[in-house]
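The values are calculated or read from the model by the stated rules, or taken from the named source; none is laboratory data. This is a predicted model, so every value here is computed, not measured. Virtual Cβ from ideal backbone geometry, glycine too; neighbours counted across all protein chains shown.
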Amino acid sequence: MRLIGCAALAVSFTLLPSCRKKHQAARIPPAPQPASAPRTSSGAPAARPLAVSLGYTEQGIASWYGIPYHGRPAADGEIYDMETLVAAHRVMPFNTWLRVTNLMNNKSVNVRVIDRGPFVAGRILDLSKAAAREIDLLGPGI
């Protein structure tokens with residue numbers, strides 16, 4: 001069961017430019033494209049990642065997820081660690097950096113998208129426990 005925390009909190013986020021050093025990597029040819037569109041486990045077409053630009057904003061309710069998913073692979077293949085500053089979004093590309101702001105107290109945190117979700121109606125983002133803690137989102141609940 002996912003842990004949620006947000007008594008009707010509005011959360012806003014914007015894309016952040018990466019602050020990491022750019023490293024030269026070996027060129028690898030792109031992977032072949034699948035013959036058919038990706039599908040969810042129910043057989044419905046899967047949402048495609050958004051093509052977003054710097055300054056894109058979205059506002060809505062965020063939740064957080066912890067222990068049941070801690071140590072398990074996220075959708076991008078990385079092992080989910082609830083004590084790192086990461087998030088799940090339905091369609092943002094993996095490794096996209098977001099600034100998430102709790103509009104109730106104006107606290108912000110920078111997170112990296114590594115997973116898909118949330119899969120609860122009315123929510124736009126799932127934060128790791130550490131990210132939720134940074135913006136005081138742990139205490140409230142729906």
Please work out which residue is nearest to GLY55 (Cα to Cα), limiting yourself to region 103-136 and to residues that are of a type outside the set (A, V, I, L, M) and in a loop (DSSP other than H, G, I, E, B). ASN106
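Has region 80-102 got any residue that is of a type in the set (Gly, Ala, Ser), touching a residue at least 12 places away in the same chain (Cβ under 8 Å) and in a strand (DSSP E or B)?
The answer is yes, given that some residue of region 80-102 is of a type in the set (Gly, Ala, Ser), touching a residue at least 12 places away in the same chain (Cβ under 8 Å) and in a strand (DSSP E or B).
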Can you tell me how many residues in region 79-105 are more than 15 Å from ALA131 (Cβ to Cβ) and within 13 Å of the chain's Cα centre (by Cα)? 5
How about region 112-127: which of its residues are farther than 14 Å from THR101 by Cα and in contact (Cβ under 8 Å) with a residue 40 or more places away in the chain? ILE114, ASP115, ARG116, GLY117, PRO118, VAL120, GLY122, ARG123
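Give GLY60, GLY139, GLY77, GLY55 a once-over and let me know the one that is modelled with pLDDT of 95 or more, part of a loop (DSSP other than H, G, I, E, B) and surrounded by fewer than 18 Cβ atoms within 10 Å (Cβ to Cβ).
Selected residue: GLY77, the only one of GLY60, GLY139, GLY77, GLY55 that is modelled with pLDDT of 95 or more, part of a loop (DSSP other than H, G, I, E, B) and surrounded by fewer than 18 Cβ atoms within 10 Å (Cβ to Cβ).
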